[in-house]
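Colleague: Structure incoming, see below.
None of the figures in this text is laboratory data; all of them are computed from the coordinates on show. Computed from a prediction, not measured in an experiment: that's the story for all the values here. As a convention, Cβ positions derive from the backbone with ideal geometry for all residues, glycine included, and neighbour counts pool all protein chains shown.
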Amino acid sequence: VFLREGNRAYAVACPYFDQVGLVTQLYRMGQATTLGQLKDALFMLQLMEQNTMMADVEGNLFYFRNGRVPVRPEGLDFTKPVPGNTAETEWRGLYPPARLVQLENPPQGYMQNNNCGPEFMLVDCPLKPGDYPPEVYGGGGDHSRSLRGRRLLHAADRLTVEGAIEIALDTHAEGVEEWQSALDQARQGVPESAIAGEPGLAEVLAAFLAWDGCLTAEASAAPFYRALLEAAREAPLDCGPIHRREPLNNEQIQAVRAAVLTAVRRLSDLYGRTLIPWGEVHRVRRGDRSFPAPGGDAGSGSTLRAIGVARDEASGICYGESGQSWTQVVVLERGNVRSFSATPYGQSDHPSSPHFFDQGEKLFSRLKLKDTYFQPGSLEGHVESEITLTFEP
């Protein structure tokens, strides 16, 4: 009971209130050397409800939608409060691990999950919502990162380390090609004199139609794409036909043209020009220094290189504040496990340290990862200082 109002009480139930085994489970997961041992640890069900994925040097892949999920009595709507003064609403126990969503070694040879629903982890995924109770399957739909991840991984026959790093840092924005097709349609029949008469329009159209859709630091069409999508949402413009690459009718073409003009004029008013490199207005900052931040979200959903930003309305510059806080690629090779990583800032929290913002400058802003020196021998020549800790019982 967490609240009493007169003779009415409100109660809440949680399947974790009486659980104390989280640290034990994490220890067992860390000590596991086989897939079976890891499953045994996961099936303690001490972790909160979340997606859990693993891979090992044997080539195994395993997905488990973790959580202590109560078996609820039928006939009640548990999206709303239910009577707490009757046994009819009490849980009927917990779903055992075997009833929870899981997938082992799919023939596709890959899995990806970035907060998407299980059915969107891979092409032709066998996991389907209808095969599980709603409370077991949980939520999570499809989104830009999930779409891009599936496409890249499904197309990769034999993935190299370099290829894996490229996918982890991929900056392609969703929907660019569809909007390029729409603008190409909208441009037809417009006199060149009319295009030339709108300052910056000709240059923007040429840059956008030739753009590869990647939010690199140099991409001068990227700010226009973001402004275009903002204008389309404000209109509002029905983007369904554009996303489906359907021929646009006259009304839709006029709406696209209006959104283009709004975007061009907005860029000109804010920045004094219409072609601005993405890295000038999309940055990572620490202290009084900042560097370009490739990737992020131009309005069509986040790229795989996810960066959440806060926009300074006066300058129009966006500064990263969330997203990929610690990107890592791990190579699971028997006897030679390696990993590569980068943070948006650096290893030190001390502003005077050379490692306060060095990764932001040399790695994060340049779409690079560094070797983490996972093997002891690889540390040689890279140790700057040592601290010896002595245990005294």
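Colleague: Using only the alpha carbons of the stretch 49-142, determine the length spanned along each of the three principal axes and report them from longest to shortest in whole angstroms.
Modeller: 52, 25, 19
Colleague: Please list 3J(HN,Hα) in residue order for the stretch 328-337, calculated via the Karplus relation 6.51 cos²θ - 1.76 cosθ + 1.60 where θ = phi - 60°; whole Hz, with x for glycine and proline.
Modeller: My calculation for the stretch 328-337 gives 9, 10, 10, 9, 9, 10, 4, x, 8, 5 Hz in order.
Colleague: Explain nothing, just compute: Karplus ³J(HN,Hα) = 6.51 cos²θ - 1.76 cosθ + 1.60, θ = phi - 60°, for every residue of the stretch 194-204 in order, whole Hz, x for Gly and Pro.
Modeller: Along the stretch 194-204, the couplings run 5, 5, 5, x, 9, x, x, 5, 4, 5, 5 Hz.
Colleague: Continuing with this model, one more query. Starting from one equal scatterer on each C-alpha and no solvent at all, send me the Debye-based log10 I(q)/I(0) for the chain at q = 0.06, 0.12 Å⁻¹, two decimals.
Modeller: The Cα Debye sum returns log10 ratios of -0.35, -1.13.
Colleague: Next up: Tally Lys/Arg at +1 and Asp/Glu at -1 over every other residue whose Cβ is under 11 Å from the Cβ of GLY213; what's the total?
Modeller: Numbers: positive: ARG148; negative: ASP170, GLU174, GLU177, GLU178, ASP212.
Taking every Cβ under 11 Å from that of GLY213, the sum is -4.
Colleague: Under the Karplus relation 6.51 cos²θ - 1.76 cosθ + 1.60, θ = phi - 60°, what is the ordered set of whole-Hz ³J(HN,Hα) values for the stretch 164-170, x standing for Gly and Pro?
Modeller: Per residue, the Karplus-derived 3J(HN,Hα) values read 5, 5, 4, 5, 4, 10, 5 Hz.
Colleague: Subtract the Cα-Cα distance of TYR373 and PHE43 from 0.36 nm times their separation in residues, and report this length gain in nm to one decimal. Write out the running numbers ahead of the final one.
Modeller: On the way: separation 330, 0.36 × 330 = 118.80 nm, distance 3.22 nm.
Taking TYR373 through PHE43 to full extension adds about 115.6 nm, to one decimal.
Colleague: Normalised radius of gyration for the stretch 176-279, please: alpha carbon Rg relative to 2.2 N^0.38 Å, two decimal places.
Modeller: On the way: Rg = 12.8 Å, N = 104, 2.2 N^0.38 = 12.8 Å.
Cα Rg divided by the expected 2.2 N^0.38 Å: 0.99.
Colleague: So what is the relative contact order of the stretch 49-142, in percent, for Cα pairs below 8 Å that sit 6 or more residues apart?
Modeller: Values: 117 pairs, mean separation 23.6, N = 94.
With pairs under 8 Å counted, the relative contact order is 25 percent.
Colleague: Sequence neighbours fewer than 8 away in the same chain don't count; with that in mind, list the lysines whose C-alpha is under 24 Å from LYS128.
Modeller: LYS39
Colleague: Here is a follow-up. Separation between the VAL330 and ASP212 pseudo-spin-labels, each 7 Å from Cα along Cα→Cβ, expressed in nm?
Modeller: For VAL330 paired with ASP212, the spin-label model returns 3.0 nm.
Colleague: Using alpha carbons only, how many angstrom separate the centre of the stretch 211-260 from the centre of the stretch 333-393?
Modeller: Taking the Cα centre of the stretch 333-393 as reference, the centre of the stretch 211-260 is 41 Å away.
Colleague: Also: How many angstrom lie between the Cα centre of the stretch 291-326 and the Cα centre of the stretch 144-181?
Modeller: Computed from Cα coordinates, the inter-centre distance equals 18 Å.
Colleague: Okay, moving on. Which FRET efficiency value, to the nearest 0.05, do you get for ASN60 and GLU380 by plugging their Cβ-Cβ distance into 1/(1 + (r/R0)^6) with R0 = 30 Å? Don't skip to the end; give the middle numbers.
Modeller: Details: r = 32 Å, r/R0 = 1.07.
After rounding to 0.05, the efficiency reads 0.40.
Colleague: Grab the other residues whose beta carbon is less than 12 angstrom from that of MET44, score K and R as +1, D and E as -1, and report the net.
Modeller: Net charge in that neighbourhood comes out at +2.
Colleague: If you take every residue apart from VAL57 with its C-beta less than 14 Å away from the C-beta of VAL57, what net charge results, scoring Lys and Arg +1 and Asp and Glu -1?
Modeller: Details: positive: ARG334, ARG338; negative: ASP56, GLU58, GLU333.
That sum, taken over residues with Cβ under 14 Å, equals -1.
Colleague: Still on this model: Using only Cα atoms, locate the centre of the stretch 3-34 and the centre of the stretch 48-111, then give the distance between them in Å, rounded to an integer.
Modeller: Cα centres, the stretch 3-34 to the stretch 48-111: 15 Å.
Colleague: For the chain, calculate the relative contact order in percent as a whole number, restricting contacts to Cα pairs under 8 Å that are 6 or more residues apart.
Modeller: Values: 591 pairs, mean separation 42.4, N = 393.
RCO, the chain: 11 percent.
Colleague: Also, I was wondering about something else. Only four residue types carry charge here, +1 at the Cβ of Lys and Arg and -1 at the Cβ of Asp and Glu. Report the dipole size of the chain about the Cα centre in Debye, rounded to the nearest 20. It would help to have the intermediate numbers written out before the result.
Modeller: Details: 37 positive and 50 negative charges, 68 e Å.
Charge dipole, the chain, about its Cα centre: 320 debye, nearest 20.
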